[in-house]
Every structure is written in structure tokens, then in C-alpha cells.
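Enquirer: After the C-alpha cells below, expect a handful of questions from me.
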Amino acid sequence: MTVKEVAEKLSLQVLAGSDGLDREVTGCYAGDLLSWVMARAQSGDIWLTVMGNVNAIAVASLTDSACILLTESAALDEDARARAEQQEIPVLTTGENTYQMAVQIAALLSNTKPENRE
């Protein structure tokens, strides 16, 4: 499933990085401590966070995340927006909380990928 398909199915708004919407989503990771996310998020994950700054874009790039999903209507600052566009990293937003989104994403992915991740 692509980032674009997830965004459409879950009514997520794209804030930046629309050129990367064709990236494949293979999992989900939730966290706000950037060093923790850098060590644990996997390539292809939708990263759920409230961190909408340029450092979050760097972490998404380092971990090869499929996209960033800002939960609880967290703001994306302008420097981060510009960097996301430059690096083609989709940044999405929702008013829902992180848990609610993780549950919905897990349900979507379980319908498209039967095997478990490590």
C-alpha cells in the first residue's frame, strides 16, 4: 500500500512532500524521542509523531520512513516543510491521537500484508 492510498483511506491531509506519495508503506512506528526513533523505526514505516520540526525530517530521512504523520493536529514549521519538499518526504496530518491512528494503520496493513514483521 502506498502513502497516497493510506492518506486517502484514512482521510489524512498532506502538508508537504507530495512527490513522495508513491512510497510503499510496510509498517508503522510511533514515538517522539528522536534518538529513540532513529534507532528503532524501519524503512517503509509511517512514523507517527507530534514533532513537526526540521530534525524530524532528518530522522525520517535517516530511517527511510515512508512518511511522517503528525497526530493531534501538531504543527509543521516552515523550515521543516521546505526540507520535506526538498527531500520528497511526505508529511501528513490528522486530528486523531497517536494510538487511534496506529490502530487504524495496523488494520489497513493487516489487510494487505498477512505476514508479521520482526
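Enquirer: Can you find, among Ser61, Ser110, Thr94, the residue sitting farthest towards the positive end of the charge dipole of segment 30-118, where Lys and Arg contribute +1 and Asp and Glu -1 at Cβ?
Expert: Farthest towards the positive end: Ser110.
Enquirer: Moving to a separate point now. What is the antiparallel percent of DSSP beta bridges lying wholly in the chain, to the nearest 5? It would help to have the intermediate numbers written out before the result.
Expert: Numbers: 4 of 15 bridges.
The antiparallel proportion sits near 25 percent.
Enquirer: Here's a follow-up. What's the extension gain from Leu62 to Ala107 if we count 0.36 nm per residue and subtract their Cα-Cα distance? Don't jump to the answer; show the numbers that get you there.
Expert: Working: separation 45, 0.36 × 45 = 16.20 nm, distance 2.64 nm.
Full extension from Leu62 to Ala107 adds 13.6 nm.
Enquirer: At 1.4 Å probe size, put Cys67, Cys28 in order of accessible surface, largest to smallest.
Expert: Numbers: Cys67 0, Cys28 45 Å².
Of Cys67, Cys28, the descending order of accessible area is Cys28, Cys67.
Enquirer: Further question on the same structure: Please report, to one decimal in angstroms, the Kirkwood hydrodynamic radius of the chain built from all distinct Cα-Cα pairs.
Expert: Working: mean 1/r = 0.0733 Å⁻¹.
One decimal place: 13.6 Å for the Kirkwood radius.
Enquirer: So if I place +1 on the C-beta of Lys and Arg and -1 on the C-beta of Asp and Glu, and nothing else carries charge, what would the dipole magnitude of the chain be about its Cα centre? I want it in debye, nearest 20. It would help to have the intermediate numbers written out before the result.
Expert: Numbers: 8 positive and 17 negative charges, 46 e Å.
It comes to approximately 220 debye.
Enquirer: Might you tell me the accessible area per residue for segment 29-118, computed with a 1.4 Å probe and given in Å²? Provide the component values of the computation, followed by the final result.
Expert: Working: 4680 Å² over 90 residues.
Roughly 52 Å² per residue, with all protein chains present.
Enquirer: At a 1.4 Å probe, what is the % contribution of carbon and sulfur to the accessible area of the chain?
Expert: Values: 2890 of 6130 Å².
Taking all protein chains in place, the chain shows 47 percent carbon and sulfur surface.
The values are calculated or read from the model by the stated rules, or taken from the named source; none is laboratory data. What you see is a predicted model; the values in this text were computed from it and never measured. Positions of Cβ are generated from backbone atoms using ideal geometry, with glycine treated the same way; all protein chains shown enter the neighbour counts. Side chains are part of the model used for accessible areas, which takes the heavy atoms of the whole protein and leaves out ligands, DNA and RNA. Shrake-Rupley method; radii C 1.70, N 1.55, O 1.52, S 1.80 Å.
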